[in-house]
Structures are given as structure tokens and as C-alpha cells.
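Just so it is clear, none of the values below were taken in a lab; they were calculated from the coordinates. Because the structure is a prediction, the values reported are computed rather than measured.
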Amino acid sequence: MELLGHYNYWVFAILLMVGFYASMAKSNFIKKLIGLTIFQAAVFLLYISMSKIDGGTAPIIQAGAEDAVYSNPLPQVLILTAIVVGISTTALGLGIIVRIKEEYGSIEEHEVQEIDRS
């Protein structure tokens with residue numbers, strides 16, 4: 001039961017492998033970008049899962065709570081920053097893909113490489 005109790009780590013591993021497969025095996029640039037986004041979401045899930053403390057409370061010091069267990073807010077702050085950077089990176093990637101489509105007429109990697117070789 002202990003192994004199944006950490007289902008969030010199993011979801012992390014599955015999302016990580018799906019994102020890695022999509023970004024490496026697919027030749028369509030949109031699918032590659034979606035794979036990178038899934039990969040990134042898996043990393044977010046890992047950081048959030050590691051920061052969870054059973055019985056942890058918000059780090060607000062109160063009178064009479066000397067033995068309280070506090071959760072560290074730093075991982076959540078880092079993930080919020082990473083989400084903003086991830087959205088910006090995805091938007092930039094989509095913009096580059098649009099420009100590739102205008103220039104080459106395709107978003108398939110092998111077709112773009114074939115045009116570049118000739």
C-alpha cells in the first residue's frame with residue numbers, strides 16, 4: 001500500500017515519459033512543443049509533491065504554537081515563476097513555428113530539413 005500511496009510520483013513519472021517521448025519522437029513542431037509543455041508540467045508536479053509536509057501549516061508565527069510544523073513556501077513561489085516562464089516560452093515557440101510555416105510551408109521537421117538541404 002505504501003507504493004500506491006505516492007501516486008503523485010507515479011503521475012510525475014508517466015507525464016515525464018510522455019512529454020519526453022512526444023518531444024523526441026514526433027516530427028511535427030506543434031507536437032514537439034506540446035511534449036515540452038507536458039514535460040514541464042511533470043517537473044512542476046514533482047516540485048509541488050516534494051514540498052508537501054503532512055500536518056504542515058502556513059509559516060505564520062502565532063503565540064502558543066512553539067511545536068507547530070511549518071511548510072516552506074519557497075517551492076510554490078518557484079513554481080509560480082516557472083509557470084510564467086513556461087507560458088512565455090510556449091508563446092515564443094508558437095511564434096517561431098508560425099514563422100517556420102510562413103517560410104517553409106510546413107511544420108514537419110523532416111520536410112523543413114529537406115528544403116534546407118536543397
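Taking a quarter of the surface of the Cα convex hull of the chain, what do you get in nm²?
Values: hull surface 38.9 nm².
Its average projected convex-hull area is 9.7 nm².
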> With contacts defined as alpha carbon pairs under 8 Å and 6 or more residues apart, what's the relative contact order of the chain in percent?
Replying inline: 24
> Contour minus end-to-end for I48 and V98, with contour as 0.36 nm per residue of separation and end-to-end as the Cα-Cα distance?
Replying inline: 14.7 nm
> Most mobile of A42, A68, A22 per a Gaussian network model of the chain (Cα springs, under 10 Å)?
Replying inline: A68
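Taking only complete DSSP H runs, can you tell me which helices of the chain stretch 24 Å or more along their own long axis by Cα positions and average at least 1.0 on the Kyte-Doolittle scale? The partial results should precede the final answer.
Values: long enough: 7-25 (27 Å, 1.36); 29-51 (33 Å, 1.57); 74-104 (44 Å, 1.31).
Those that clear 24 Å and a mean of 1.0 are 7-25, 29-51, 74-104.
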> Among L33, L46, L92, which one shows the biggest mean-square fluctuation in a GNM of the chain, springs joining Cα atoms closer than 10 Å?
Replying inline: L92
>> I need the shape label for the stretch 52-111. Rule: rounded when a/c is under 1.5, else prolate if a/b > b/c, else oblate, with a, b, c from the alpha carbon gyration tensor.
In response: prolate
